[in-house]
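Worksheet: the structure to be examined is printed underneath.
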């Protein structure tokens, strides 16, 4: 039975993560020194694993994390980019909820249909593009280990979708900076979550 093992990584810390989790979204924010250290720690965690491919979001924080963690050539894929958070970009949750509490309420009630920050992506648009990436990946690699570096929003929404959860429950799934989530994909078997937000 062919099974593809996905090691899904959230990027290391950025200055905005450190600043009360200011929403980076599509803003191309660099890793902090701590974030680089986190990526190096992941490399140590994964040193016994042989990867047949490494992919990342085109944003620097994910691309650099993937390169440090794997020591391999990283293929950028636009479908792994962080959610477009619209008017919430560059702000903390406290700031943008104070500006327009209804926008946040709508997103929390049904992110599948509502646009993040009013003008960003819907949850359905996000999971569609991320799922499309993994479907293509499964056509190219039907077994072995693949490292994928992406972001807090897209990772959690995709996992919620694959686990059959309502998308509004995506925030129940934690993705810390530079933590690893492992799942299996197969052409014939159901999605299987092996490790969530792990340090191992």
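No value in this document is a laboratory result; all are computed from the given coordinates. Given the structure is predicted, the values throughout are model-derived calculations rather than measurements. Methodologically, a virtual Cβ is constructed for each residue, glycine included, from the backbone with ideal geometry; neighbour enumeration extends over all protein chains shown.
Tabulated results
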{"item": "Failed item, numbered, when residue 8 is tested on (1) under 15 Å from the mean Cα position of the chain (by Cα); (2) part of a loop (DSSP other than H, G, I, E, B); (3) crowded, with 22+ Cβ neighbours inside 10 Å", "result": "(2)"}
{"item": "Output for the stretch 97-111, where each listed residue is assigned to a loop (DSSP other than H, G, I, E, B), surrounded by fewer than 18 Cβ atoms within 10 Å (Cβ to Cβ) and touching a residue at least 24 places away in the same chain (Cβ under 8 Å)", "result": "110"}
{"item": "Failed item, numbered, when residue 64 is tested on (1) in contact with a strand residue (DSSP E or B) (Cβ under 9 Å, 6 or more places away or on another chain); (2) surrounded by 18 or more Cβ atoms within 10 Å (Cβ to Cβ); (3) closer than 15 Å to residue 170 by Cα", "result": "(3)"}
{"item": "Filtered residues of the stretch 172-186 (kept if crowded, with 20+ Cβ neighbours inside 10 Å and either outside any loop (DSSP other than H, G, I, E, B) or out of contact with any strand residue (DSSP E or B) (no Cβ under 7 Å at 6 or more places or on another chain) (or both))", "result": "180, 181, 183, 185"}
{"item": "Condition met for residue 69 (buried (at least 18 other Cβ atoms within 10 Å of the Cβ), touching a helix residue (DSSP H, G or I) at 6+ places or on another chain (Cβ under 6 Å) and assigned to a helix (DSSP H, G or I))", "result": "yes"}
{"item": "Conditions (1) assigned to a loop (DSSP other than H, G, I, E, B); (2) in contact with a helix residue (DSSP H, G or I) (Cβ under 8 Å, 6 or more places away or on another chain); (3) under 26 Å from residue 179 (Cβ atoms): number failed by residue 131", "result": "(1)"}
